[in-house]
Amino acid sequence: MTTFVDRVELHVAAGSGGHGCASVHREKFKPLGGPDGGNGGRGGDVILTVDQSVTTLLEYHHSPHRKATNGKPGEGGNRSGKDGQDLILPVPDGTVVLDKAGNVLADLVGHGTSFVAAQGGRGGLGNAALASARRKAPGFALLGEPGDLSDIVLELKTVADVALVGYPSAGKSSLISVLSAAKPKIADYPFTTLVPNLGVVTAGSTVYTIADVPGLIPGASQGKGLGLEFLRHVERCSVLVHVLDTATLESDRDPVSDLDIIEEELRQYGGLGNRPRIVVLNKIDVPDGKDLAEMVRPDLEARGYRVFEVSAVAHMGLKELSFALADLVAKARAAKPKEEATRIVIRPKAVDDAGFTVTREDAGGEPLFRVRGEKPERWVRQTDFNNDEAVGYLADRLNRLGVEEELMKAGARTGDGVAIGPEDNAVVFDWEPTAMAGAEMLGRRGEDHRFDAPRPAAQRRRDRQAERDEADREFDDFDPF
C-alpha cells in the first residue's frame, strides 16, 4: 500500500457567496417601513498552508476533490448571512503549486507559508444596502458570486541541506541511519528504498538535514527506474554527496564509472551544476572494498573531489564526514542573500483605464460585440434576470461605466448581439440603446411613490384642520349688521 506520495492533482472549489435578501420592514401602523434585506455571506476560500507535521501528499492522493463551504443568504431585519468557512489544506514544507500547463503558481517553503488556491465568491447585497436617496425601495437584491474552481498540481520537493545520491544498494540508507536518527528500510537488494528518507544531523554547533534520494540508475533523467520521480528532491539541497559502492558484486561496475553515470544523469536533469560535491567511498569494512577505495581515491581527488572513506556498518570515518558536510552547509547558508520583508506593491490603475474592453466578432455572418472586464462580468453574475428591476439596475450600472458609449463607438446598432463574459460562459442579448426595463414606466427605478404620499390618518387630520380653518374664516367674514 502506498505510504508516500510526492505528486498529486488536486481539484479545489471555493464556496459561493450567499444571495442578498429583498425584504420590506413591516410592523403595526407602519406598513411601509423601508427595505431591510441583509447581505449574503462571503464564500470560503481554499488555502494551502505549510505544516511541518505533514511529510507526504498521500491524503490528497486518496481524496483529490476539496470544497469550501458556501456563504449563507441574507435575511430580513437587516440580518446578514454567515460567511463560509475557509478550507485550510496542510501541505509539506517544499510543496510547489502548478497549474495544469506546468506554470508555477506558488513555492511553499517555511512553516505557515500559505497560498489561496481558490477564492470564495462575494456575497450579494441586500435591498437595504442598495437603497439610496434616489432609490428608496429597491424590489430586488444582488445574487452571490460563485466561488473559484481550479485544477492544480502539487509537487513535493524535499527541503534538505544535503542529498545522498548514488546507485541502488550503494549504502545511502545505511549511511543516513548512522549519521542521524532516521530509521529507513535497509536490505541487500536494489530499490529497497522507494521513498526519500530525511534525517537531522548535529555536528558541533551546526544542525542540518540530510536526504536519501533513491532510484538513480542510467537513464533516470528520462524516466527509467525511480530516478525521474525523485530527482526533484535534489533541487533544494545545498550539497550533493556521491555515495559509491566499493564492494559491489557486479563485475561491470566500479566507483569511477558509477560517479560518471550519476553525474551525467544530474547534468541532463539540469540546474545542479553549481552545487558543491563530496565523494563517499562506502563499505571499506570489506577487504576488497578497502583496496578498491585506496586504488580509485587518487583519480577522484585529481578531478577536484573531496573523498572520504567510510563504513556505515562499522561506523568508520563518519565523524570526519559529518563535520565536513556541516562546514559546507554553513558556507552555503552564509552565501544565501538575507531574506527581506515582503514589500507591498501598490499598482494603481491608469486614469484612462475604463476597466473593460469591447471587441467586435463575427458570429455566423452577424456582428457580435463582446464586453470583457472584471466589473461588467461580476455585475452580470450578480444579476437576477427573472427580475425586471434588477435587469434595469444592471443596465444603469453598465451605462454609467461607459459600456453603451463604447458599443456605439465600436459600431453597434440596435438589435446587434452583445455578449458579456468569455465564450464558454457569457450572457448574450440584443442591444437596445437606453432601453427601459418596464419598472421605469411607474417612475424612476427603485422608487415607490407610496413613500412620498401622505399616510391616510395624517391626511384626514389635515383635511379636518382645513375644514376648521375655512369655518373660522367664514365666521370672521360674517357681519350681522
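The values are calculated or read from the model by the stated rules, or taken from the named source; none is laboratory data. Bear in mind that the values here come from a model prediction, so they are computed numbers and not experimental data. When we count neighbours, we look across all protein chains shown, and the Cβ atoms used for this are built from the backbone with ideal geometry, even at glycine. Side chains are part of the model used for accessible areas, which takes the heavy atoms of the whole protein and leaves out ligands, DNA and RNA. Shrake-Rupley method; radii C 1.70, N 1.55, O 1.52, S 1.80 Å.
The table for this structure:
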item: Pair list, Cβ under 7 Å, 6 or more apart: segment 391-407 residue at positive phi, other residue in a helix (DSSP H, G or I) and of a type outside the set (Asp, Glu); result: none
item: Sole exception among (1) at positive phi; (2) free of Cβ contacts under 8 Å to residues at least 12 places away in the same chain; (3) not acidic (Asp, Glu) for SER63, by number; result: (1)
item: Count of residues meeting criterion [buried (at least 24 other Cβ atoms within 10 Å of the Cβ) and either under 15 Å from VAL96 (Cα atoms) or among the charged types (D, E, K, R) (or both)] in segment 123-144; result: 0
item: Spans of strands (runs of 3 or more DSSP E) in segment 100-173 with at least 2 residues within 19 Å of ASP45 (Cα to Cα) and under 21 Å from the mean Cα position of the chain (by Cα); result: 104-108, 114-118, 149-156
item: Cross-chain or 6+ apart pairs with Cβ under 7 Å, segment 268-290 first and under 21 Å from GLY304 (Cα atoms) and open to solvent by 10 Å² or more (accessible area, probe 1.4 Å), then among the small types (Gly, Ala, Ser) and in a loop (DSSP other than H, G, I, E, B); result: ARG275/SER238
item: Leading residue by the ranking (modelled with the highest pLDDT) among those in segment 219-256 that are under 30 Å from ARG7 (Cβ atoms) and small (Gly, Ala, Ser); result: SER238
item: Residue match in segment 36-54 (condition: at positive phi and surrounded by fewer than 20 Cβ atoms within 10 Å (Cβ to Cβ)); result: no
item: Qualifying residue in segment 89-105 (condition: in contact (Cβ under 8 Å) with a residue 12 or more places away in the chain, among the polar types (S, T, N, Q) and in contact with a strand residue (DSSP E or B) (Cβ under 7 Å, 6 or more places away or on another chain)); result: yes
item: Set GLU423, GLU361, GLU389, GLU405: member being open to solvent by 50 Å² or more (accessible area, probe 1.4 Å) and over 35 Å from the mean Cα position of the chain (by Cα); result: GLU405
